[in-house]
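S.K.: My questions all concern the structure below.
The values are calculated or read from the model by the stated rules, or taken from the named source; none is laboratory data. Computed from a predicted model, the values in this text were never measured in an experiment. Cβ placement follows ideal geometry from the backbone for every residue including glycine, while neighbour counts extend to all protein chains displayed.
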Amino acid sequence: MSESTPSGAHPSLAHYLVGFAGRRILCVGDVMEDRSIYGEVRRISPEAPVPVVRIVRETRDLGGAGNVVRNLVALGASAALVAVIGDDRAGSEVTELLAAMPAVEPFLRVTPDRETTIKNRFFSLDGHHLLRADRESITPLNDADEDDLTRTAIAQVPVCDVVLLSDYRKGVLNRGLAQAVIAAARAANKPVVVDPKGSDYSRYQGADVITPNRAELAEATEMPVETEAELIAAAQMLCKDIGVGAVVVTRSGDGMSVVTAKGEVTHLSAETQEVADVTGAGDTVVAALAVAIAAKVPLVDAAKLANTAAGVVVARHGTAVASSHDIGAALLHRDLSVAEQKCVDLNEAVRTAKAWKARGLKVGFTNGCFDLLHPGHISLLAQARAACDRLIVALNSDESVRRLKGEGRPVQTAAARAAVMASLATVDLVIIFDQDTPIGEITALTPDVLIKGADYNRDTVVGADVVERHGGKVVLADLVPSFSTTATIAALKRANG
């Protein structure tokens with residue numbers, strides 16, 4: 001099964017966010033220090049055709065697996081970090097940065113055999129990325145370091161909700177350590193999420209979810225991944241070859257794809273159109289995915305939350321994080337934007353309905369004043385949506401309501417009623433009509449299903465003959481007793497004396 005989900009085409013996910021607090025994630029991987037150096041660029045060097053940067057300020061942040069735990073904490077979770085650092089200044093600074101985060105319990109192996117990885121990023125004052133210079137050790141751990149990290153990580157597995165392997169290919173997550181931790185997690189029934197690197201993914205065998213980007217997927221499988229079909233084939237091959245439950249492929253501006261070992265495929269559109277800096281976006285994705293899984297969020301919804309989180313951080317400069325509040329605000333903004341997009345004129349509705357039908361989707365239509373939304377309306381709309389694949393709701397204009405209901409109605413303007421109606425997941429499009437009946441709209445749209453309440457019969461449903469003449473049908477929805485807008489208004493008047 002393949003599903004394509006554009007940004008915002010799903011119900012709000014905000015209710016999942018309350019479950020993030022208190023989750024504990026074990027993060028094992030390559031910790032490093034990210035240094036961002038900002039300077040003024042006014043001239044080109046006389047020694048070579050390169051800009052001269054006059055350094056103005058410098059910041060230090062946790063990078064790699066350290067940035068993953070920054071995101072975990074921002075999302076409301078706590079973290080245990082198992083990693084190795086060098087006996088050097090950068091290692092001390094990493095330790096200090098972690099000490100400033102009470103929600104993180106660090107288990108750092110200090111070794112003189114390695115230097116702590118440092119990523120130096122140079123920026124102009126207006127945020128343009130000029131250069132990156134790295135200092136790093138990429139050799140595998142020695143036996144003593146590997147044994148210590150393995151024992152430490154395995155000891156933390158029982159007291160965590162999810163195990164996260166953050167591999168930056170700096171020598172920490174070799175096959176022995178990775179497989180030992182995955183085996184311990186499986187024995188303890190703890191999900192394992194992996195942010196991978198390199199071409200040999202066999203060390204991640206048995207993980208639940210793996211999150212390569214498009215280029216990493218191509219490297220690991222040696223398969224083309226340019227088209228969606230190629231990407232799906234490569235991800236399915238990866239699931240089969242290393243026995244993982246699902247592959248979540250990040251595709252930069254093209255969004256994200258979720259491919260499961262069972263053959264289910266979901267494509268998610270990118271959540272942000274304006275990209276400021278992609279630094280650390282992968283860390284944000286894997287952190288959000290891990291916390292959502294820890295909170296028992298279904299995988300596709302977890303990926304949608306991670307996709308939203310990624311949209312937050314790429315809109316910011318530097319190594320940014322996305323908090324639960326950031327994600328909630330982004331979801332609210334998206335839902336409001338989607339609701340606005342659902343409100344269209346008749347011409348746009350006709351074009352959209354034709355496109356839906358061309359895809360083999362069944363188009364439904366219902367209409368009404370929907371002045372004060374009540375449980376009867378919600379039931380009607382749910383039954384209407386169940387009878388079709390896409391539902392168009394036509395609202396009487398203010399003048400039309402006034403002619404039908406009398407002075408004092410509607411209580412809410414057409415714009416307000418349309419905004420409320422468009423916010424419902426059961427409704428796909430909203431239009432407004434000025435006449436007493438929507439016969440013109442029904443004739444133009446020729447829906448496959450026409451839905452009205454059971455207080456009507458086939459002969460009194462406006463447009464029934466038009467729909468049936470085009471091969472459609474009329475559905476009469478069951479009514480919820482004791483609810484009506486008129487009765488609600490009357491009760492309010494009595495209450496106000």
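S.K.: With the requirement that a residue be under 21 Å from the mean Cα position of the chain (by Cα) and free of Cβ contacts under 8 Å to residues at least 24 places away in the same chain, what does the stretch 226-253 give you?
M.R.: Gly253
S.K.: Please determine, by comparing only the residues of the stretch 11-57 that are in contact with a Phe, Trp or Tyr (Cβ under 7 Å, 6 or more places away or on another chain) and loosely packed, with under 14 Cβ neighbours inside 10 Å, which one is nearest to Asp88 (Cα to Cα).
M.R.: Looking at the filtered set, the residue picked out is Arg57.
S.K.: Same structure again: Mind checking which residues of the stretch 103-114 are modelled with pLDDT of 95 or more and in a loop (DSSP other than H, G, I, E, B)?
M.R.: Across the stretch 103-114, the qualifying residue is only Ala103.
S.K.: Same structure, new question: Is it the case that the stretch 341-357 has a residue that's out of contact with any strand residue (DSSP E or B) (no Cβ under 6 Å at 6 or more places or on another chain) and farther than 27 Å from His470 by Cα?
M.R.: Yes: the stretch 341-357 contains one or more residues that are out of contact with any strand residue (DSSP E or B) (no Cβ under 6 Å at 6 or more places or on another chain) and farther than 27 Å from His470 by Cα.
S.K.: Among the residues of the stretch 160-171, which ones are of a type in the set (Val, Ile, Thr) and closer than 12 Å to Pro196 by Cα?
M.R.: Matches in the stretch 160-171: none.
S.K.: Which one is nearest to Ala21 (Cα to Cα), of the residues in the stretch 95-124 that are free of Cβ contacts under 8 Å to residues at least 40 places away in the same chain and crowded, with 18+ Cβ neighbours inside 10 Å?
M.R.: Residue satisfying both the conditions and the ranking: Val104.
S.K.: Pick from the stretch 66-94 the residues that are among the polar types (S, T, N, Q) and under 19 Å from Asp134 (Cα atoms): which of them is surrounded by the most Cβ atoms within 10 Å (Cβ to Cβ)?
M.R.: The residue in question is Asn67.
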